[in-house]
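Report on the structure given below.
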Amino acid sequence: MSVTELKERHIAATETVNNLRERLKQRRLSLLDTDIAGYAKSQGRTPVTFGPTDILCCRTLQGHTGKVYSLDWTSEKNRIVSASQDGRLIVWNALTSQKTHAIKLPCAWVMTCAFSPTGQSVACGGLDSVCSIFNLNSPTDRDGNLNVSRMLSGHKGYVSSCQYVPGEDTHLITGSGDQTCVLWDITTGLRTSVFGGEFQSGHTADVLSISINGSNSKMFVSGSCDATARLWDTRVASRAVRTFHGHEGDVNSVKFFPDGNRFGTGSEDGTCRLFDIRTGHQLQVYNQQHSGDNEMAHVTSIAFSISGRLLIAGYTNGDCYVWDTLLAKVVLNLGSLQNSHEGRITCLGLSADGSALCTGSWDTNLKIWAFGGHRKVI
């Protein structure tokens, strides 16, 4: 068979796949008679309301000299690790705002960081294509720096995201610009499984974000520049369990819903979306309102409250919307409150008990927001 014939067959096959995908999309839409907000409104549900003192900025964590790109809380809720373009990881005491560690990184271009489940170590990755592990209990060198305890090498592109497997300090998952995700054994430094890459069901562009299912740690979801999110089972690395379409731009952030049956996404197209992993259906779109010639802000990061009633989303214009997930309505914009950030929101996360939110920004600061009278909703 000639090269020309192979190209023609490839073009025909691609067209067939695209047609089938469109037919499947239309069929799914025909079966969805309503979304979550439509059903909630029909049941007479009213949106969550916030008073002037229900969410307050109680602390500003100052210490980074570059843009903050990533943060993570420990499971015991009182410590935060942050990664910045200044080439340092800082571990903070969230209650006192004091720094317990300031770790100089081997590569200044860090993009992601994560605490281990026990809080004994932190991981980070970036443009060096390596995930570096630091044991916080290790002795420092003569300059007061912590040495890398393990370097996880194997990605062929930048490390965009990392997360420890819940309940395990010995395994973590990374997402990369090489279009793959990898499950690592930290003890040996070896790859246990690779997700994507040469496999047909893998991402076709950079992986930007991952989220491990808190109810079933064998499952995780990834978001990519190919405008899709994909569900993976660590026991079956060869192909994605399901691919989720709907976004029209890079999927910058993914996060599992508290019950583990759904997950949220935040995208370059300015929307957040909620998907069901069992049916593959899109349940709701959370679309910001913009008017005139104002450029639409992109979603950089998302998080759910403990109950799932609230979805918090950070945007490139400095807004940080608190969405009512049931009614798809913005109930508060943290960017409009006193002591809010002065730049792009790059990362955010809730404490383990859901009582506080931490946000990071290009303004080099992190801010801790305390939830007052709405803890039962959170």
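The values are calculated or read from the model by the stated rules, or taken from the named source; none is laboratory data. The structure presented is a predicted model; accordingly, all values stated were derived computationally and were not measured. Every residue, glycine as well, gets a Cβ built from its backbone with ideal geometry; the counts of neighbours run over all protein chains shown.
Can you tell me which residues in the stretch 231-252 are surrounded by fewer than 18 Cβ atoms within 10 Å (Cβ to Cβ), in contact with a Phe, Trp or Tyr (Cβ under 8 Å, 6 or more places away or on another chain) and not aliphatic (A, V, I, L, M)?
Scanning the stretch 231-252 gives Ser238, Arg239.
Among the listed residues Val159, Val221, Val165, which satisfies the condition of being touching a Phe, Trp or Tyr at 6+ places or on another chain (Cβ under 7 Å) and either surrounded by fewer than 21 Cβ atoms within 10 Å (Cβ to Cβ) or closer than 26 Å to Glu268 by Cβ (or both)?
Val221
Does Ile173 meet the test of being under 19 Å from Ile80 (Cα atoms) and in the same structural domain as Phe195 (by TED's automatic domain parsing)?
no
Could you tell me which numbered condition Asp319 fails, if it satisfies all but one of (1) closer than 28 Å to Gln179 by Cα; (2) crowded, with 17+ Cβ neighbours inside 10 Å?
Condition not satisfied by Asp319: (1).
Based on this model, can you work out whether Ala240 counts as touching a Leu at 6+ places or on another chain (Cβ under 9 Å), part of a loop (DSSP other than H, G, I, E, B) and either in the same structural domain as Ser132 (by TED's automatic domain parsing) or charged (D, E, K, R) (or both)?
The answer is yes for Ala240.
Kindly establish whether Gly264 is in contact (Cβ under 8 Å) with a residue 12 or more places away in the chain and surrounded by fewer than 20 Cβ atoms within 10 Å (Cβ to Cβ).
When the stated conditions are applied, Gly264 does not pass them.
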